[in-house]
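Here the structure is laid out as structure tokens; the discussion comes afterwards.
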Amino acid sequence: MTRHTLPDHENTLTKEWIVTNGIGGYASSTVIGTNTRRYHGLLIAAFNPPTGRKVMVSKVEETILFNNEETALSTNQYPDTVYPEGYHYIKQFERTPLPATLFKVGNLQLLKSVFMVYNYNTTIVEYKNPGDTSYTLRLNPLYAVRDYHGLLHEEHDYKYFIQNKGKDHAIYAYAGAEPLYFRHTKGKFTEERSWNKNVFYTIEKMRGQDYTEDIYSTGFVSYELQPDESMFLIFSLDEKFLTENPEQLKEKELQRLKALTEGNPHDKFLTDLLAAGDQFIVHRKSTENYSIIAGYHWFTDWGRDSMIVLRGLCIATGRQKEARSVITTFLKFMNEGIIPNRFADYESEEPEYHTIDATLWLFIAVYEYDLKFDDLPFLNEVFPKLTEIIEHYIRGTKHNIHVTDKGLLSGGTHGLPLTWMDARINDHVFTPRQGCAVEVNVLWYNALKIHEHVAKRVSQKTNESFKAITYKLKNNFEDSFWNSNNYLNDVVTESGQIDSSIRPNQIYAVSLPFSLLHADKEKLVVENVKKHLLTNYGLRTLSTNDPQFKPYYTGNVWERDAAYHQGTVWPFLLPEYFIAYLKVNNYSREAKKEVEAHLQHLKNHFYFDECLNGMSEVFDGSSPRSGKGCAHQAWSISNLILLILKCDVEI
């Protein structure tokens, strides 16, 4: 159990927590309860799981009343002030097994913990008096009820109609709104309506977004809390939780969390990674199957991310049912040989297919699934789809994806990036990689070899034209991509243009199962990546020597997207680098020790920085230290799990 002391306001504003419900909903805030993002709140509900998210409950303001004195325990930021300053009374925060905050006011104590009911849009907050003196606790819930990308203001036509029935309440933000059910297990509710105006979200301002919001109170609950007594607030979209026992719901969630890690009792970091990774595995309503969230707070289930994440979160950890479900779901939605790059946020929208590599990553997932589970019925089920994919790619499919005369895979059109380096605003692409991208062709070769592998496993013949392209690709890869300075060029085109940028994409030529390089060149690739791109927290997306290098991921949307793949550090690439590094060093004990020492930086980040028991999406390219971008990224977690389990390293 990691306990966090809270030294000052500015320090604590950068530390967040998140709990999830397995259907895309979540609760999240900072460790002092100050919301710094529009995406923070106690109940962000997924109305079309795992999408259609809305912020329903922003927060609860707590006040202790004792001896005719009031002490406000909450902390809010406004444009010109912080009020109240309840963070002064926080003595301790624990992230596991549930986020728990200990307040002390003189001899008085209050312990607050938060959890969600798995598979339901329900958040429960427990308040316990662990001290030996009773006091009156006043709790004031604040509501928003709006799309989680938006912000709410008083001028919106929100009336917050409320139906009261003892300790149970149904709240309707506006005419025709879905009801939000609120229950307090003890105490008296007093209706007292008000707007809390101009709440200031620090991180939104840093990100160049609108950053103030008005949130609403319908009233407060008061109760005299005795020593060792608890009371609960329940917020839910499901009316049935007005009659459920919150103590039992809490115990059920604690047992669920414990079961996630029972197989690794002696490796705390790995068990905590597994619990963090489970937060990304969700049920998708539209398919009645499993899917994977790419990251919190704003990403949904993306094809590329899902295929990469599967390897660490599900396959390496033995979660066969979930792995099989995700693969078959994406194959079900395949269109012209391409799996969805992104499922839509809303039911009225169609899946997107703007990707060249997500489908190729599916082959990697199928291969590692086979090695782990030896599931021939599954291979027989997916083999026709794998064949269809190869045929579409060879024949030519969406977005100018086609095979060149040299057997290379090319793709891309103006204004539409297809690789993982896909930042764009309107038609402006910040990292255009049209043509034959290096990692795409490594994946293409692996897909061809894996198709051949699966064909043998299911006693089918491999198409001779597939073999011919595999042979041609093998013979032309080095001539096409090898740079005389001992690394792989990033992109080549059919017309002979070369993008010789030093990027991390080349590392996949060493780390993936089937290699296109001789051993001596594999080692040179690893050495080049180490020299130019390796940092404590991940790999840079561009060498610092490149004139296009952007040292900082900061500023408004345009400035951040311009830096996103132009030097910014990505943690999910670091395990891929170390898999390659261990390979070229024959998995020696010395090499493993170097890997284990290096990864202490990410371990410390996981426990103490930004999203506690989570891992950031990116870091600055120059002197990386603080996590940026998405606060809790799936492939940052999953690839670290994959490295630990695949290469037997101890961190």
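The values are calculated or read from the model by the stated rules, or taken from the named source; none is laboratory data. Please read all numbers here as calculations on a predicted model, not as lab measurements. FYI the Cβ positions are ideal-geometry reconstructions off the backbone, even for glycines, and counts take in every protein chain you see.
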Q | Which numbered condition V31 misses (of (1) surrounded by fewer than 22 Cβ atoms within 10 Å (Cβ to Cβ); (2) in contact (Cβ under 8 Å) with a residue 12 or more places away in the chain) | A | (1)
Q. Can you find even one residue in region 62-69 that is without any contact (Cβ under 8 Å) to a residue 40 or more places away in the chain, in contact with an Asp or Glu (Cβ under 8 Å, 6 or more places away or on another chain) and farther than 20 Å from I18 by Cβ?
A. no
Q: Tell me, yes or no, whether region 615-625 has at least one residue that is at pLDDT below 95 and either under 25 Å from I32 (Cβ atoms) or within 19 Å of the chain's Cα centre (by Cα) (or both).
A: yes
Q: Considering only region 91-112, state which residues are assigned to a loop (DSSP other than H, G, I, E, B) and either on the phi > 0 side of the Ramachandran plot or among the hydrophobic types (A, V, I, L, M, F, W, C) (or both).
A: L98, G106
Q | Residues within region 198-218 that are surrounded by fewer than 17 Cβ atoms within 10 Å (Cβ to Cβ), small (G, A, S) and modelled with pLDDT of 95 or more, tallied | A | 0
(Q) Suppose we filter region 541-568 for residues that are farther than 21 Å from S500 by Cβ and under 19 Å from the mean Cα position of the chain (by Cα); how many remain? (A) 3
Q: Could you tell me whether region 580-589 includes any residue that is closer than 24 Å to K15 by Cβ and either at pLDDT 95 or above or charged (D, E, K, R) (or both)?
A: no
Q.
For region 550-579, give me each residue that is closer than 27 Å to L512 by Cα and in contact with a helix residue (DSSP H, G or I) (Cβ under 9 Å, 6 or more places away or on another chain).
A. T568, W570, P571, F572, L573, L574, P575, E576, Y577, F578, I579
Q | F115 part of a strand (DSSP E or B), surrounded by 20 or more Cβ atoms within 10 Å (Cβ to Cβ) and free of Cβ contacts under 8 Å to residues at least 60 places away in the same chain | A | no
Q) Just a yes or no: is a residue in region 430-439 without any contact (Cβ under 8 Å) to a residue 60 or more places away in the chain and not hydrophobic (A, V, I, L, M, F, W, C)? A) yes
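Within region 475-498, is even one residue part of a loop (DSSP other than H, G, I, E, B) and either among the aromatic types (F, W, Y) or buried (at least 18 other Cβ atoms within 10 Å of the Cβ) (or both)?
yes
Hey, among the residues in region 43-82 that are in a strand (DSSP E or B), of a type in the set (A, V, I, L, M) and in contact with a helix residue (DSSP H, G or I) (Cβ under 9 Å, 6 or more places away or on another chain), which one's nearest to H297 (Cα to Cα)?
V82
Listed here are the residues, each with its yes/no results for (1) among the charged types (D, E, K, R); (2) assigned by TED's automatic domain parsing to the domain that holds L574; (3) under 20 Å from L418 (Cα atoms).
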{"position": "P504", "(1), (2), (3)": "no, yes, yes"}
{"position": "P513", "(1), (2), (3)": "no, yes, no"}
{"position": "H518", "(1), (2), (3)": "no, yes, no"}
{"position": "K523", "(1), (2), (3)": "yes, yes, no"}
{"position": "V529", "(1), (2), (3)": "no, yes, no"}
{"position": "T535", "(1), (2), (3)": "no, yes, no"}
**Q.** Residue, nearest to the chain's Cα centre (by Cα), within region 499-520, restricted to residues that are part of a helix (DSSP H, G or I) and surrounded by fewer than 19 Cβ atoms within 10 Å (Cβ to Cβ)
**A.** A519
Q.
in contact with a helix residue (DSSP H, G or I) (Cβ under 6 Å, 6 or more places away or on another chain) and at pLDDT 95 or above: is that true of Y508 in this structure?
A. yes
Q: Quick one: in region 498-536, of everything that is in contact (Cβ under 8 Å) with a residue 60 or more places away in the chain and of a type in the set (S, T, Y), which residue is nearest to Y445 (Cα to Cα)?
A: Y508
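Of the residues A276, A316, A323, only one is over 16 Å from the mean Cα position of the chain (by Cα), in contact (Cβ under 8 Å) with a residue 40 or more places away in the chain, under 21 Å from K603 (Cα atoms) and crowded, with 18+ Cβ neighbours inside 10 Å; which?
Criteria check complete, one pass: A316.
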Q. Residue check: is D238 in contact (Cβ under 8 Å) with a residue 60 or more places away in the chain, of a type outside the set (A, V, I, L, M, F, W, C), touching a strand residue (DSSP E or B) at 6+ places or on another chain (Cβ under 7 Å) and surrounded by fewer than 19 Cβ atoms within 10 Å (Cβ to Cβ)?
A. yes
(Q) From the list N121, N140, exactly one residue is surrounded by 16 or more Cβ atoms within 10 Å (Cβ to Cβ) and touching a Gly at 6+ places or on another chain (Cβ under 6 Å). Which is it? (A) N121
Q) Which of the residues spanning region 383-393 are surrounded by fewer than 22 Cβ atoms within 10 Å (Cβ to Cβ) and either within 24 Å of T431 (Cβ to Cβ) or out of contact with any Phe, Trp or Tyr (no Cβ under 8 Å at 6 or more places or on another chain) (or both)? A) F383, P384, K385, T387, E388, E391, H392
Q: Return the pairs, sorted by first residue and then second, in which the second residue is in a helix (DSSP H, G or I) and of a type in the set (K, R), the first residue lies in region 627-651 and is within 18 Å of T535 (Cβ to Cβ), the beta carbons are less than 7 Å apart, and the residues are 6+ apart or on different chains.
A: I651/K603
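For (1) in contact (Cβ under 8 Å) with a residue 40 or more places away in the chain; (2) over 30 Å from T261 (Cβ atoms), each residue gets a yes or a no:
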residue: W302; (1), (2): yes, no
residue: R311; (1), (2): yes, no
residue: G337; (1), (2): yes, yes
residue: S348; (1), (2): no, yes
residue: L360; (1), (2): yes, yes
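Looking only at residues in region 396-452 that are outside any loop (DSSP other than H, G, I, E, B) and polar (S, T, N, Q), which one is surrounded by the most Cβ atoms within 10 Å (Cβ to Cβ)?
That would be N441.
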**Q.** Those residues of region 212-233 which are among the β-branched types (V, I, T) and touching an Asp or Glu at 6+ places or on another chain (Cβ under 8 Å), in sequence order
**A.** T218
Q) Do the conditions hold for W361, that is, is it assigned by TED's automatic domain parsing to the domain that holds F514, within 19 Å of D499 (Cα to Cα) and either at pLDDT below 95 or crowded, with 16+ Cβ neighbours inside 10 Å (or both)? A) no
